[in-house]
Every structure is written in C-alpha cells, then in structure tokens.
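S.K.: One structure is given below, represented as structure tokens, and several questions about it will come after.
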Amino acid sequence: MNRAKFGDSVDAVVRKQGDAVAISGYCKVVCKDSDGNIKWIDEGKNIVVNTGLDYILGTAIVDSASIYVGLTTASPTASATDTMSSHSGWSEAAGYTSSTRPSWGQDAASSQSVTNSTAVSFTMNGDDTSIGGAFLSSDSTKDGTSGTLIAVKAFSGGNKTVANTDTLDVTYTISGSSS
C-alpha cells in the first residue's frame, strides 16, 4: 500500500514532528474492444510521488490565501475535529503586541516541505504568562473564530513561561512523505 503522509511541526524553542494524515491514490483502467466488451481491468493503489507531494503542498498551502500564525494559552489538547470556531481543548493567547495574527510568510514547496525560512516574531506584552503552543489559520483576526484552522502544535513538556517584552520566534513547517 502506498500512501502520502503529511505532518506538521513548529518550533519556538522546541521542534517536534506532529501527527500525520495519509493521502493515497487509486487507479482503475478498463480496456474495451470496439464492441464495448470489457477485455481486461487493472486497478489498485498508486504511489504519490515527491513532485506530486510538492504540487499538493504548493497549491494547497503556498498558493492559498495568506496563512497566519497564532499562539495558544495552556498546553493545547488539539483534536482532528478542531476548527477556528470550535476548539474546546485550547484557547488563543492574545498577549502580544501585534493587533493581528502575523503572516506565516511561507516559502515555496521544496523537498516535500513548506516552511517559513524567516521566523514569525511575537513580542509579548505581559497579558499572557504561559504559552502552550502555536497554530496556523487562514484568518488574521487576533482571538478570532473565523477562517480555517490548518494545524495546532502543543509545546513538548507543557507550557512555557513568558514575560513582558519576551520575543517568541516561530518557524512552522508542513511536510509530506510517501511510504
């Protein structure tokens, strides 16, 4: 069985590979003679190749509307069913100086990976003393519930303490692999 797997990782002091989601292909070919009679059928799973994975990442992530980075308070308990309007296992940390979520600034897809080579910087303003993770969203509204939630990452080892004027530099990577 051939599958493409996508995972996510984030670092803001800690970097860890996240859960994976599988993408697979299936192909069916039917050969018919000139009278329409079936001569043979061949079908089965196919491999999603590296250039295909780059294309999927490029069109779904890089070529999409802007994507924004947010922070979570307390260690998030993320679920595959989470959305921006419904994520009971975590809440957004809004205690940073920017009035909106900063743009991820993702680079082009390469080697089955999309990342921001320039870290997104958050300057804390003292409103949040404990940060639990980071997320990607299609909406820039700070503490908003609109847009598409793309990924969530809890920090390894639990919450991290931050103080007023501390800076968090976040690099988020989404990668794919075929196995």
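S.K.: Can you compute log10 of I(q)/I(0) for the range 24-136 with the Debye formula, treating each Cα as one identical point scatterer, at q = 0.19 Å⁻¹?
M.R.: Relative scattering, expressed as log10 I(q)/I(0), comes to -1.08.
S.K.: Can you tell me which of 133-143, 153-163 comes out highest on packing, and rank the rest after it, using the mean Cβ neighbours within 10 Å?
M.R.: On the way: 133-143: 20.3, 153-163: 15.9.
In decreasing order of mean packing, 133-143, 153-163 become 133-143, 153-163.
S.K.: Still on this structure: Highest mean first, what order results for 70-81, 29-40 on Cβ atoms within 10 Å? Spell out each step's value before the answer.
M.R.: Working: 70-81: 18.2, 29-40: 8.1.
Output ranking for 70-81, 29-40: 70-81, 29-40.
Throughout, read-outs are computed from the coordinates displayed, never taken from laboratory work. If you're wondering where the values come from, they're calculated on a predicted model, not measured in any experiment. No Cβ is skipped: glycine too gets one built from the backbone with ideal geometry, and neighbour counts run over all protein chains shown.
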